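All remarks here apply to the structure that follows.
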């Protein structure tokens, strides 16, 4: 009996040890299977990503570079348009205030009576636009100005602004910089005032 009990205990130990061994074997098998599966999945994902995704990423990088180059290449300038009843003067400067081009109505026409004409202002603006393109300017700040104390701007300013817009420049803003007197010295005219 005692021998049978010992044999049964030994058989139970063997059974439990074999069960634990099978459990350990199953775990080791699963642990061995999972890295292989992961390797297969990662290899498949690399194959899927590599040719197409690299091309896409390269295209995105080149497009970003092009956008940054275009942003860097954009050059701005300031156009001052002085339009009086007798003449139109268009003055192109860089952002620091250095003169790049200056054209007046008298440089475009022979007739002094036509210097303030909108058509002549249009031709003057075209000349300034050509010079601006030579310097690689793409965007403009436009400052229009009339004679001090004048009720309105001269006839050539509107034509010049329209022409600059049609020439393909990006007009950032248009500002009227006509000087407004605030008091100032006493005007001539005497006791009875200026006779009109």
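Since every read-out is calculated from the coordinates, none of them should be taken as a lab result. Treat the numbers as computed from the prediction; the structure is a model and nothing was measured. Positions of Cβ are generated from backbone atoms using ideal geometry, with glycine treated the same way; all protein chains shown enter the neighbour counts.
Based on the convex hull around the alpha carbon atoms, the stretch 76-176 presents an average projected area of 5.8 nm². Among 138-151, 77-90, 170-183, sorting by the average number of other beta carbon atoms lying within 10 angstrom of each residue, highest first, gives 77-90, 138-151, 170-183.
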